[in-house]
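The values are calculated or read from the model by the stated rules, or taken from the named source; none is laboratory data. Only a predicted model underlies this, so the values are computations on that prediction, with no experimental measurement involved. Here the Cβ positions follow ideal geometry from the backbone for every residue, glycine too, while neighbour counts run over all protein chains shown.
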Amino acid sequence: MIKSYNPPPRWQWVWMSIPVVLVLLVMALSARAQQGSQGNTTIFSGAQMTLFGNHNFLTGGAGTQPGIIGTVRSSPAGVLSFAATATGYTGANDANHVDGYVRKQGAGSFVFPTGDNGHYGPFAAAADGTTGAYFFTNPSTAVTSNLGGGNYAALPAGAPFSTSAKDATLSVVSTQEYWDIDGTNNTTITLTWSTLSAIGTLTSNDLSKLTIVGWNGTQWVAIASAVDVTSVLGGTSNLTAGSITTTGVLTPNAYTAYTFGATAALAPFACSSLAYQVAATGGGAPSTLYSFNVATGVRTVIKQDLGRLINGIGYNTVDNLIWGFDGAAREVVRIDATGAITGFTIPNLPERGFNVGDVLNGGYLFLYNTDLATYYVVDINPARPSTYLQLVDPTIGYVLDAAPYGTTITPTLTISDWAYNPSTGNFYGLTAATDATPFRITTLNPVTGVATVGTDAVSGGTIGTETSGFGASFVDNSGNLFVFGNQSGKFFKVNLSSRVATLVSTSSPSGNNDGASCNLANLLPPTPFACVSKTYQVAVPTGQTFSSLYEFDVNTGSRNTLATLTRTINAIGYSTVDNYIWGFDNNLNQVVRIDANGSILGYTIPNLPNLNFINGDVMTGGYLFLYTSGGTRYYVVDINPAHTSTYLQLVDPTTGFTVDNTPFGTAITAYTISDWAYDPVTNKFYGLTNTTATDPFKIVTLDPLTGTTTLAAAGVSGGGIRQEISAFGATYIDNTGNLFVYANTLDVFFRINIATNVATQLSVTGVPLAGNDGASCPLINLITPPTPFSCTSTAYQVAIPNGQTTSTLYGFNVGTGTRTTVAALNRAINAIGYSPTDNLIWGYDNAAHRVVRIDGTGTVTAFNITNLPTNVNYVVGDVMNGGYLFLLNGNRYYVVDIDPSRTGTYLDLVESADNSTVDATPFGTTITNYSLSDWAYNPATNRFYALTDPGNASSFKVVTMNPANGSTTLSTGTVSGGGIQTETSAYGAAFVDASGALFVYANTLDRFFRVDLATNVATILGTTGTPLGGNDGASCTTATLVAQPDLAPIIYALPATQYGTTNFTVVVDVYDLLPTASTGLITVYVSKDPLVNLSFDGAATLVGGRIVQNSIWTLNNSNPDSYIFTTTQSIAGQGRQSIGLTGVLTPGNTQGTLTISTTIVGGSGGEVRIDNNSDADKIDYFKK
């Protein structure tokens, strides 16, 4: 650096310059031949010559000679100054330049015509007063020759500058040349090179490594700079000639000397499952760089002290380096995997901090600060030298930004970080817990500045307990957003579609932190699927843009959402090689791999055409077969990583799966199908033509190795499959060789026997799915039989509990009212009946308009019944022996065949009179319209029975229906007894058991009653404790619902032989012969006789030597023929209660035999058997 030299006032300078000019002229005349060494014109120490116009080095002028102008380099140096009016020069080259110091007055870009030792080495700057000289010598010695003879001492002050003293970001510093550039005004600096600069050697022929370096007093340091596409000297910059310019302005005096350097080989990060974080302890302390295993929360220090406080970082997939911002230095920084940092000053980037940052794929760093109205974009891809390390405008194609700099963001966002998702092209963040609208997903369209803040908060995984911001955000290849809670140290995974957060792991809380990760990798390890009897389906739900991944049970239609995806996926198949699902993203033209959590990896396959693939499945060995409906070629992608030479490439199945060649794909006959499925047993693909195809409902078979196809001669029929009007979007094959298809419009799964072309309806899912495709493991049986009920004394009831909208299935002991919950169902079900054919309960879902089957675990399967009216509600139903569900509404009932062994009529409406015939219009059978809420079938009489509801002219009467013709009878009398007529609502559940009795549940009374159909007498049974609405009942008709007592008497009259007037006793033992205790009133008759006078002592406990319980019995002696005894005391099962009487027999003058009998009134104590209710004993008597 030269010492500052201030010329005297102009009049003094002119006075001083006269002898200088005279001297110069003398020297020119005497030493013209020495211009190569001494110069034609020399400016001595401390002197300055000013040129006020443009200079021509070839002709000289303005007091100079042609050729080299020399200035004394030692302090105080001589200076050739270009006035503000001198805007340029001509003729500068190796033989014509300034060998020494040049100054430029006035601001404006200017190339300084400096050189040394016959080598032209210009530089450029733009600030007023910038002064500089070129030294064509090794900076480590800093010795150059003096035009006047000899060598200068090391120059400038502070020299020499060891090229081995350099910061870690540099691999080497030039030993060819350097510049001394001075000035106090900020400017960009441009250095030029020529062949002698040996830039190829310096950079190992990699111009991207070239950088300007400056001596900071102790070592050479890299200065942010970029190679000029077009050199300031003209021509394209290359290894032999060109120029490089600092990317930002600086004060020239900041460095003692300048030269070229090559950046050290940067250690790139690996695009892996690791995330990265910079964090500081606060108080201005420098950041530490960490790597994170998000799955475990384990944090590893990469570099403890970065020497800077860094924020706003993002992972650049262009160079696999992390870029961010140093708010103190106001520099964009680049960080490699060792923590080495290079800083770059970005022109026009505001001098402020940025705590939000990420890199858009392609190499654009987006910087933002919480609640700021503007974000800024820096081009960090050196492949774009015209905009590299400069602000660009994303709204107009990332051209150089212009004032006012930055892009307006609307609305502003209260976020601490954001992450870029290449699948959607948007940035995502999460508002802080302290924001007015906390825990909302924010979305930024980077090319418009339009931002949105979600209306609903993210919930789940304890994220709602966070109390601060989320300083680090990441998006991985699956499209999930990961956020780091500053105060808790918790990592959450946020599904952008469902807004559900999952706590992934917990690490150390961190402030002043920011995060970055490679968005082309998954942050969580993939989870394979299990090869189980489930099918998988991708579909786009109504109102959504992207697919959801569902798990289905084709047996029941039950659907479980596994994940809301961030892509629109189709053409999926299950790979038994890795147990992942593979498919295609038609939007991004990528093959995708999906794991069991919905995590997605996308792969671009060379030469795979951009077609709308909707047919896909995976062949054994790991080959994904893709086909577009109606296409003439199918394409095969090797997805088995063990095939290293063909993995993720198109292969040709006709040549042993070698790499495919043009024309790519394999020819096939065009068919209109929406999916196909691979059978590893036959090594064939199968699909079903759509309903709009030329040959609808026909099975297509493909030989994958040849492309040969066959079309079934006959169409598939049965199970109502012909009711489908659209397509079969999902197709599966299991290890039994059956083909399964999902009918898009019907929302029904069908099983198809490929040999017979017969379809069987399996289930209905509940919501038709568009844009769907299916996959399943072909090594498993998809059919799992339902769990049957046991034919026991348990009655079953569906009812909707208070406050609920769907039914619960209960098991009841109707005798006691004890209720057990079997399962909470996912539907509102009514009109149920118990089928003894399969020991399952069948009924109807009036909301979905589907017949349903319920198994012993409460699993519900729905079925679509063709021609069954869906504009009415069915609340009355039961199953007739043989497997026929009878459903009643008003004055018509309908019969559905529910026995799968009858393939011709299964799940069809059948005729009531002839169950083997499919019903025809008008569908159903007419019946007299009674107000009924349920009916029950009795196989012993082959009739249905019901009790009419209260509140109408026929209330409390038994209706009997003949299922063969629909004829009905109504009992003449009403059912009474047990308080049954106090019911005010309905009898929602009806059952018949093996005893032939009718059981009903009174909705309002919350009681079960047993109705004797022969006598129309009702007996009250148990109460449940909670009245149940929307209920219906079913039970196995061959079981006994209420275990009833059986009472039988034994009478003893003693002594058995009597002479004359004799005292004697009568004891009646009332036995309960069964284990069930009696309930209710027991009435016992004991016969009277004129010869006998019996008396009853209510306190007696022993009569005739036998134990009695007279205290529990009440005597009614008003009947002339019998003593009537009653009790409400229960007789224990297989126990007894006894009555004792004492009396006198007065035979007079007669003799003979006397019979004393006893009878238990039928129904006493709840018994139903009455053929053992009497007994008698005799006494032989003689006159005295």
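For GLY283, the conditions (1) more than 38 Å from the chain's Cα centre (by Cα); (2) closer than 26 Å to LEU349 by Cα; (3) in contact (Cβ under 8 Å) with a residue 24 or more places away in the chain are fulfilled apart from (3). Name the residues in segment 597-634 that are polar (S, T, N, Q) and over 30 Å from LEU481 (Cβ atoms), would you? Once the filter is applied, which keeps residues that are polar (S, T, N, Q) and over 30 Å from LEU481 (Cβ atoms), segment 597-634 yields ASN607, ASN615, THR620, THR628, SER629, THR632. Just one of the listed residues (VAL577, VAL651, VAL659) is among the hydrophobic types (A, V, I, L, M, F, W, C) and in the same structural domain as THR708 (by TED's automatic domain parsing), namely VAL577. Within segment 904-917, being more than 23 Å from THR960 (Cα to Cα) and surrounded by 15 or more Cβ atoms within 10 Å (Cβ to Cβ) holds for THR905, TYR906, LEU907, ASP908.
A quick yes/no check of all residues on (1) over 34 Å from the mean Cα position of the chain (by Cα); (2) in a strand (DSSP E or B); (3) of a type in the set (D, E, K, R); (4) modelled with pLDDT under 95:
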residue: GLY687; (1), (2), (3), (4): no, yes, no, no
residue: THR692; (1), (2), (3), (4): no, no, no, yes
residue: ALA730; (1), (2), (3), (4): no, yes, no, no
residue: LEU746; (1), (2), (3), (4): no, no, no, yes
residue: THR756; (1), (2), (3), (4): yes, no, no, yes
residue: SER763; (1), (2), (3), (4): no, yes, no, yes
residue: PRO768; (1), (2), (3), (4): no, no, no, yes
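Screening ALA419, ALA457 for residues that are touching a strand residue (DSSP E or B) at 6+ places or on another chain (Cβ under 6 Å) and touching a residue at least 12 places away in the same chain (Cβ under 8 Å) leaves exactly one candidate, ALA419.
Restricting the first member to segment 75-89 and to residues that are buried (at least 23 other Cβ atoms within 10 Å of the Cβ), and the second to residues that are of a type in the set (D, E, K, R), the beta-carbon pairs closer than 9 Å and six or more apart or on different chains are ALA77/LYS3; VAL79/ARG103; LEU80/ARG103; PHE82/ARG103; PHE82/LYS104.
Applying the condition of being assigned to a strand (DSSP E or B), touching a Lys or Arg at 6+ places or on another chain (Cβ under 7 Å) and of a type in the set (Val, Ile, Thr) to segment 1138-1184 and asking which residue is surrounded by the fewest Cβ atoms within 10 Å (Cβ to Cβ) yields THR1153. Of the residues making up segment 286-325, those that are buried (at least 24 other Cβ atoms within 10 Å of the Cβ), of a type in the set (S, T, N, Q) and under 28 Å from the mean Cα position of the chain (by Cα) number 1.
Where strands (runs of 3 or more DSSP E) fall wholly inside segment 326-420, the ranges with 3 or more residues that are over 18 Å from ALA451 (Cα atoms) are 331-335, 341-344.
Show me the strands (runs of 3 or more DSSP E) found entirely inside segment 188-227 where at least 3 residues are under 15 Å from GLY248 (Cβ atoms). Where strands (runs of 3 or more DSSP E) fall fully within segment 188-227 and carry at least 3 residues being under 15 Å from GLY248 (Cβ atoms), they are 210-215, 220-223. Considering only residues of segment 228-244 that are on the phi > 0 side of the Ramachandran plot and in a loop (DSSP other than H, G, I, E, B), which is surrounded by the fewest Cβ atoms within 10 Å (Cβ to Cβ)? Result: GLY234. Residues that are closer than 11 Å to GLY248 by Cβ and among the aliphatic types (A, V, I, L, M) within segment 330-354 comprise VAL332, ILE346, LEU349, listed in sequence order.
THR792 - would you say it is surrounded by fewer than 23 Cβ atoms within 10 Å (Cβ to Cβ), hydroxyl-bearing (Ser, Thr, Tyr) and in a strand (DSSP E or B)? Answer is no for this residue.
Within segment 963-981, being closer than 16 Å to VAL876 by Cβ and either out of contact with any Ser or Thr (no Cβ under 7 Å at 6 or more places or on another chain) or small (Gly, Ala, Ser) (or both) holds for one residue alone: GLY966.
Has segment 465-473 got any residue that is small (Gly, Ala, Ser), without any contact (Cβ under 8 Å) to a residue 60 or more places away in the chain, surrounded by fewer than 16 Cβ atoms within 10 Å (Cβ to Cβ) and farther than 28 Å from LEU549 by Cα? Within segment 465-473 (the criterion being small (Gly, Ala, Ser), without any contact (Cβ under 8 Å) to a residue 60 or more places away in the chain, surrounded by fewer than 16 Cβ atoms within 10 Å (Cβ to Cβ) and farther than 28 Å from LEU549 by Cα), the answer is yes, since at least one residue qualifies.
Of ALA159, ALA124, ALA153, ALA168, which residue is in a strand (DSSP E or B) and either of a type in the set (Gly, Ala, Ser) or out of contact with any helix residue (DSSP H, G or I) (no Cβ under 7 Å at 6 or more places or on another chain) (or both)? Among ALA159, ALA124, ALA153, ALA168, only ALA124 is in a strand (DSSP E or B) and either of a type in the set (Gly, Ala, Ser) or out of contact with any helix residue (DSSP H, G or I) (no Cβ under 7 Å at 6 or more places or on another chain) (or both).
Residue-wise test of (1) modelled with pLDDT of 95 or more; (2) in contact with a Ser or Thr (Cβ under 6 Å, 6 or more places away or on another chain); (3) assigned to a loop (DSSP other than H, G, I, E, B).
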{"site": "THR50", "(1), (2), (3)": "no, yes, no"}
{"site": "LEU58", "(1), (2), (3)": "no, no, yes"}
{"site": "PRO66", "(1), (2), (3)": "no, yes, yes"}
{"site": "ARG103", "(1), (2), (3)": "yes, yes, no"}
{"site": "ASP128", "(1), (2), (3)": "yes, no, yes"}
{"site": "TYR134", "(1), (2), (3)": "yes, yes, no"}
{"site": "THR137", "(1), (2), (3)": "yes, yes, yes"}
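Looking across segment 699-723, the residues that are touching a Pro at 6+ places or on another chain (Cβ under 9 Å) and under 20 Å from ASN615 (Cα atoms) come down to PRO704, LEU705, THR706, GLY707. When the strands (runs of 3 or more DSSP E) confined to segment 249-321 are screened for residues that are among the charged types (D, E, K, R), those reaching at least 2 such residues are found at 298-303. THR437 meets each of the listed conditions (1) free of Cβ contacts under 8 Å to residues at least 40 places away in the same chain; (2) surrounded by fewer than 18 Cβ atoms within 10 Å (Cβ to Cβ); (3) under 22 Å from the mean Cα position of the chain (by Cα); (4) more than 17 Å from VAL500 (Cβ to Cβ) apart from (3).
Taken over segment 723-775, the criterion of being in contact (Cβ under 8 Å) with a residue 24 or more places away in the chain, out of contact with any Gly (no Cβ under 9 Å at 6 or more places or on another chain) and hydroxyl-bearing (Ser, Thr, Tyr) is satisfied by SER726, THR736.
Looking across ASN1003, ASN1016, one residue alone is more than 55 Å from the chain's Cα centre (by Cα), polar (S, T, N, Q) and at pLDDT below 95. It is ASN1016. Looking at segment 588-639 only, could you name the residues that are surrounded by fewer than 18 Cβ atoms within 10 Å (Cβ to Cβ) and not in a loop (DSSP other than H, G, I, E, B)? Within segment 588-639, TYR603, ARG633 qualify. Pairs linking a residue in segment 886-913 that is at positive phi to a residue that is among the polar types (S, T, N, Q) and in a loop (DSSP other than H, G, I, E, B), with Cβ atoms under 7 Å and 6 or more positions apart or on different chains, are GLY890/ASN929. Of all the listed residues (PRO438, PRO411), the sole one being modelled with pLDDT under 95, over 19 Å from GLY314 (Cα atoms) and not charged (D, E, K, R) is PRO411.
Applying the condition of being in contact with a Leu (Cβ under 7 Å, 6 or more places away or on another chain) and without any contact (Cβ under 8 Å) to a residue 40 or more places away in the chain to segment 383-399 and asking which residue is nearest to PHE439 (Cα to Cα) yields VAL392.
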